[in-house]
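Reviewing the structure listed below.
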Amino acid sequence: MRSKKTEEEWCRILNNDLWKIEEIEKGVLSPLLLSYNDLPSRVKRCFSYCAVFPKDFNIMKEKLISMWMAQGYFSAEQDEEMDIIGEEYFNILATRSFFQEFKRDHDNLIVACKMHDIVHDFAQFVSQNECSSMEINGSKEPNAINSLDEKVCHLMLVIGLGASFPVSTCRIKRMRSLFISGNMLDNSSLNGKMLKELFGKLTSLRALDIGNWSATLCSSILDIPRNIEKLVHLRYLNLSSVTLIRKLPETLCELYNLEKLDISYCINLKALPQGIGKLINMKHLLNERTDSLGHMPAGIARLPSLRTLDEFHVSGGEGVDGRKGCRLESLKNMELLQVCGIRRLGNVSDVDEAKRLKLDKKKYLSCLRLWFDVKESGGRRKNEHDQLLLEALQPPLNLKELFIGSYGGNTVSPSWMMSLTNLRSLNLHLCENCEQLPPLGKLPSLEKLYISDMKSVKRVGNEILGIESDHHDSSSSSSVIIAFPKLQSLFIEDLPELEEWDYGITRTGHPFIDIMPRLSALAIAVCPKLKALPDHIHQTTTLKGLSIWGCDLLEERYRKGEGEDWPKISHIPNIYINYLRI
């Protein structure tokens, strides 16, 4: 309301017809009405849609924005910036207290929220009963859905213990959004037969979410019916964690309006439809942990609008359906990619193929995940090949997140690594042959560092700081050298041979060298030979949390009140040893 400056604007609000409604005029909802009436019209629609969630439901921000997009609440001409617009609308509602109880990630960004009683009641009021939620428990008849208002267009069903899916849902033919949530469900109630009926009758659906269920429900869905093609308006489809489906029907490729498909954790899915190239409006293919995919169909190369491709599986030959899969260069024309994961890089025999991909030219790419094949045999030849391949997969300079896993090279320090000046998160996982860590302290923007399953690393020393030996003498320079200037979180796990973590540098002895000045969280796990933490950890004043587990020597050294070095860490506010706070 603070944005209103003229008498005319205030009069327009005060004279609004909604104020004439007695329930609002005299009730506790009147302050909400003031804030609501001041919202832009498109943001009002986004707010009223939130009535589809039950009171105090944990609303995931990313999914909510996807739902808004599926309903066309953002104009088509702004298509390129849809996600950004959704973020802006969410932030407008959050800053005006329409959302509460925010959950944040490590970057302090909101990932989830709730809507409390009064706000939820108001959202239901302004939605005019178009948005609703219903809890179905064992005591309710399956036809309880009949009690819903005939205006309902957006519905969430929360299935309780011992309850069955209400078949009467199929009668609401004007339905545009259907969410199915809960923990338990009668195995026989939502199966292929019921899905077939849903697909045949709810043909106005724009968003369908049957994912993220418990294993109990997943065991009842063995396949996705072919008549899914009737959902011609569908823009968002969530099948995540439906673990027993082995394939998706080719008819799914008739859903030309589909923009987001979530098949994450469909761990038994063997193949994607060959006609996937028909989905010309597809922007996000979420397929994390689809481990059984043998290959990607050739049509994937005809999706130039993709922004998200969680896992691209490089083909090593024919897939389970006898068809030849995609090679790495199928990604070449996906110029809009923002998030990309590439699995089975061991199937890339020609390093030039990786060079032709020209990853460094994909200017929108912000997150890159690379999986090699550590189980492949080949000894020294394999090690050298992985190193050359990693060198050829140079990402753009604006990359913010990088994951390198199952890597067989002796070093994980490609020439381009230190040029990633915008890199904020780095994860090095299962690099079993690497004996030495790269000079990561030179990365100026790095905030999170994960190092795990590096079984050949015995010592972490000055090499990780990226500080030359001639800088160790503080008398040689008056300028301060900072290693890891922005690092906030450091996680080291499963380095079974790591014995020593020491730079030979202290702040008192070398006042012009500063190490991790912003570190706030440190976790060390399964490093049984590690004898002690470095002095800079003992001396830091920024560390808020220290976790140690599976590290016998450290546990003894830092035992509360008894350990030799307990006084050196006792100032840290939150200390956990083997998951117990001390």
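The values are calculated or read from the model by the stated rules, or taken from the named source; none is laboratory data. This one's a predicted model, so the numbers in the text were calculated from it and none came from an experiment. Reconstructed Cβ throughout: ideal geometry from the backbone, glycine too, with neighbour counts over all protein chains shown.
Quick notes
- Failed item, numbered, when Arg518 is tested on (1) assigned to a helix (DSSP H, G or I); (2) within 20 Å of Leu440 (Cβ to Cβ): (1)
- Only residues that are part of a loop (DSSP other than H, G, I, E, B) and either small (Gly, Ala, Ser) or within 18 Å of Arg174 (Cα to Cα) (or both) were counted in the range 217-256, giving 9.
- Test result for Leu365, under 30 Å from Ser305 (Cβ atoms), assigned by TED's automatic domain parsing to the domain that holds Glu335, assigned to a loop (DSSP other than H, G, I, E, B) and touching a Leu at 6+ places or on another chain (Cβ under 7 Å): yes
- Members of the range 336-360 found to be over 21 Å from Gly294 (Cβ atoms) and under 21 Å from the mean Cα position of the chain (by Cα), listed by number: Leu336, Leu337, Gln338, Val339
- Residue match in the range 436-446 (condition: in the same structural domain as Leu530 (by TED's automatic domain parsing) and at pLDDT below 95): no
- Residue in the range 11-20 that is more than 30 Å from Ser204 (Cα to Cα), modelled with pLDDT under 95 and not in a helix (DSSP H, G or I) present: yes
- Within the range 394-412, if we keep just the residues that are part of a loop (DSSP other than H, G, I, E, B) and touching a Pro at 6+ places or on another chain (Cβ under 8 Å), the residue that is surrounded by the most Cβ atoms within 10 Å (Cβ to Cβ) turns out to be Gln394.
- Taken over the range 191-213, the criterion of being modelled with pLDDT under 90, in contact with a strand residue (DSSP E or B) (Cβ under 8 Å, 6 or more places away or on another chain) and small (Gly, Ala, Ser) is satisfied by Gly211 alone.
- Among the residues making up the range 214-244, those that are at pLDDT below 70 and buried (at least 16 other Cβ atoms within 10 Å of the Cβ) are Leu217, Cys218.
- Being at pLDDT below 85 and surrounded by 19 or more Cβ atoms within 10 Å (Cβ to Cβ) is a property that does not hold for Ser188.
- Test: residue in the range 304-313 that is crowded, with 22+ Cβ neighbours inside 10 Å, of a type in the set (Phe, Trp, Tyr) and assigned by TED's automatic domain parsing to the domain that holds Leu205: yes
- Among the residues here, Asp121 qualifies as assigned by TED's automatic domain parsing to the domain that holds Arg307, touching a residue at least 24 places away in the same chain (Cβ under 8 Å) and surrounded by 13 or more Cβ atoms within 10 Å (Cβ to Cβ).
- Restricting the range 85-120 to residues that are more than 19 Å from Val43 (Cβ to Cβ) and among the acidic types (Asp, Glu), the residue that is modelled with the highest pLDDT is Glu101.
- For the range 28-51, the set of residues classified as out of contact with any Cys (no Cβ under 9 Å at 6 or more places or on another chain), polar (S, T, N, Q) and in contact (Cβ under 8 Å) with a residue 40 or more places away in the chain consists of Ser35 only.
- Within the range 265-293, if we keep just the residues that are assigned to a loop (DSSP other than H, G, I, E, B) and among the hydrophobic types (A, V, I, L, M, F, W, C), the residue that is surrounded by the fewest Cβ atoms within 10 Å (Cβ to Cβ) turns out to be Ile280.
- Looking only at the range 447-482, residues that are at pLDDT below 95 and in a strand (DSSP E or B) come to 2 in all.
- Scoring Ile84 on the criteria (1) part of a helix (DSSP H, G or I); (2) surrounded by 15 or more Cβ atoms within 10 Å (Cβ to Cβ); (3) among the hydrophobic types (A, V, I, L, M, F, W, C) leaves a single failure, condition (2).
- In summary, Asp386 fulfils each of the numbered conditions (1) out of contact with any Gly (no Cβ under 9 Å at 6 or more places or on another chain); (2) in a helix (DSSP H, G or I); (3) of a type in the set (Asp, Glu) with the single exception of condition (1).
- Among the residues of the range 535-571, those that are assigned to a loop (DSSP other than H, G, I, E, B), surrounded by 16 or more Cβ atoms within 10 Å (Cβ to Cβ) and at pLDDT 95 or above comprise Leu543, Cys551, Tyr558.
- None of Leu261, Leu336 is among the hydrophobic types (A, V, I, L, M, F, W, C) and in contact with a strand residue (DSSP E or B) (Cβ under 9 Å, 6 or more places away or on another chain) except Leu261.
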